[in-house]
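Notes follow the structure.
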Amino acid sequence: MVNFPSVLESINDLSLKQTKDLLELASKFKGYANDWQGLPTPFIRTPIIATSFLENSTRTKHSFAIAIKKLGATYIDFNAETSSLKKGESLEETLLTLHAQGTDLCIIRTNVSNQLSEFKDKPPIKIINGGDGINQHPTQALLDLFTMKEIGLSKLQGKTITIVGDIYHSRVGHSLIDLLPQFGINLILCGPQECLPDDLSAEQKAKITLTTNVDEAIEKSDLLYLLRIQKERHEGQEASYYENYPANYGISVERLKKHGKNIPIFHPGPANVGVEISEDLIKSKYYFGHEQVNNSVYMRMAIIQAVLQNQDKNVGIKFNGRTIQDLC
Ligand code: NCD
């Protein structure tokens, strides 16, 4: 893929062409899923890939780990909690260390929004953002788009998707907002006022509908994308809407039926059953969360391969065999 970024921080780092190529490649990888003859390996040597999750994760970390193994690469679970980061070393120095030891790519999750931006000009190592604070989670949005296509929402153009939940604090929400309109999808963002984003550009405001009325939003939707209330990002403030959230915004089979809607329900997980999604809905035919998880592996394989193959010479430190004499 031409000029694929070495630091994939945001959806906006990708051209539409690169996104489309990723979708195609993920699809190819999926086609090989049951081919035990092995993947046609494009690598001349086995790449070494680390994950460094500075924040909790179940799905993302394991899906990357499995994608790495399926690609035949070597996986290092870099445990940031017990590393020198805890002794005050900067993230940059830690990443340069990983690269100097021969790690090719590091997948990073951090609770600091935009923390990876500083690495774009001179990457200490190739990086994929596994979610940074409330800013971006590009691989989740890409795998969601892949899943939307896979399940038959093939003509995305003109379809309406409503994201319901705590969009303000959601990096998944922010990445979806950047990605889905590129494919002609009409976006509705729905939740209590405090949950709606306040950082939309003028161009986004012109295209995206914001509403606090979930029933009206459901009426117009071809798919609902649910997000949990991300209390851990509320900086200790008790959300006033929380108590009545299930009644006001929780989605159940009954609520879909009330509107005569047979539409897919997406959720990036973890889901809070009984809050944003009812128990009967998560167990129903409408729920596509497991398809999202299943497809996550193939999209992440595609992204990893694209980053590894980008031929960027500007990454890390070059070792040119220098000696003491060179200091004089
Ligand atoms: C999300 C995340 O961590 O940003 N989950 C995920 O990656 N699958 C969503 C969330 O935390 O609610």
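The values are calculated or read from the model by the stated rules, or taken from the named source; none is laboratory data. Here the structure is a predicted model, which means the values were calculated and not measured. Here Cβ is always computed from backbone atoms with ideal geometry, including for glycine, and neighbour counts include all displayed protein chains. Remember, those area values only see protein heavy atoms, side chains included, never the ligands or the DNA or RNA. Shrake-Rupley method; radii C 1.70, N 1.55, O 1.52, S 1.80 Å.
Quick notes on this structure:
- Overall form of region 37-182 per C-alpha gyration tensor (a/c, 1.5; a/b vs b/c): oblate
- Taking region 152-287 as the region of interest, the number of lysine pairs whose Cα atoms are within less than 18 Å, with members eight or more places apart or on different chains, is 14.
- In this rough spin-label picture, where each label sits 7 Å from Cα along the Cβ direction, the ASP280-HIS234 distance is 2.7 nm.
- Its relative contact order, with pairs defined as Cα atoms under 8 Å and 6+ residues apart, puts region 152-287 at 26 percent.
- Theoretical gain in end-to-end length, GLN311 to LYS69 [0.36 nm per residue, Cα-Cα removed]: 84.9 nm
- Over the chain: helical MRE at 222 nm, DSSP H runs n ≥ 4 each giving -39500 (n - 2.57), nearest 500: -9500 deg cm²/dmol
- Global geometry of the chain, whether rounded, prolate or oblate, following the gyration tensor of its Cα atoms and the 1.5 cut on a/c: prolate
- In terms of accessible area, using a 1.4 Å probe and ignoring ligands and nucleic acids, PHE53, PHE4 rank largest first as PHE53, PHE4.
- Residues of region 152-287: accessible area per residue with a 1.4 Å probe, Å²: 46 Å²
- C-alpha long axis of helix 91-100 to longest principal axis of the chain, angle in °: 50 degrees
- Of GLU254, GLU216, the order by accessible heavy-atom surface (1.4 Å probe, DNA, RNA and ligands excluded), from most exposed downward, is GLU254, GLU216.
- Over the chain, relative contact order from alpha-carbon pairs under 8 Å, at least 6 apart, %: 22 percent
- Sorted largest first by accessible area at a 1.4 angstrom probe radius, with every protein chain in place, the residues HIS267, HIS62 fall in the order HIS62, HIS267.
- For the pair LYS207 and LYS86 in one chain, pulling the backbone fully straight at 0.36 nm per residue adds 39.2 nm over the alpha carbon distance.
- Within the accessible area of the chain (1.4 Å probe), percent carbon and sulfur: 49 percent
- Here the chain is assigned +1 on the Cβ of each Lys and Arg and -1 on the Cβ of each Asp and Glu. Its dipole about the Cα centre then comes out at about 1100 debye.
- Nearest-10 value in Å² for the accessible area of PHE146, using the 1.4 Å probe: 10 Å²
- Shape call, region 152-287: gyration tensor on alpha carbons, a/c limit 1.5: oblate
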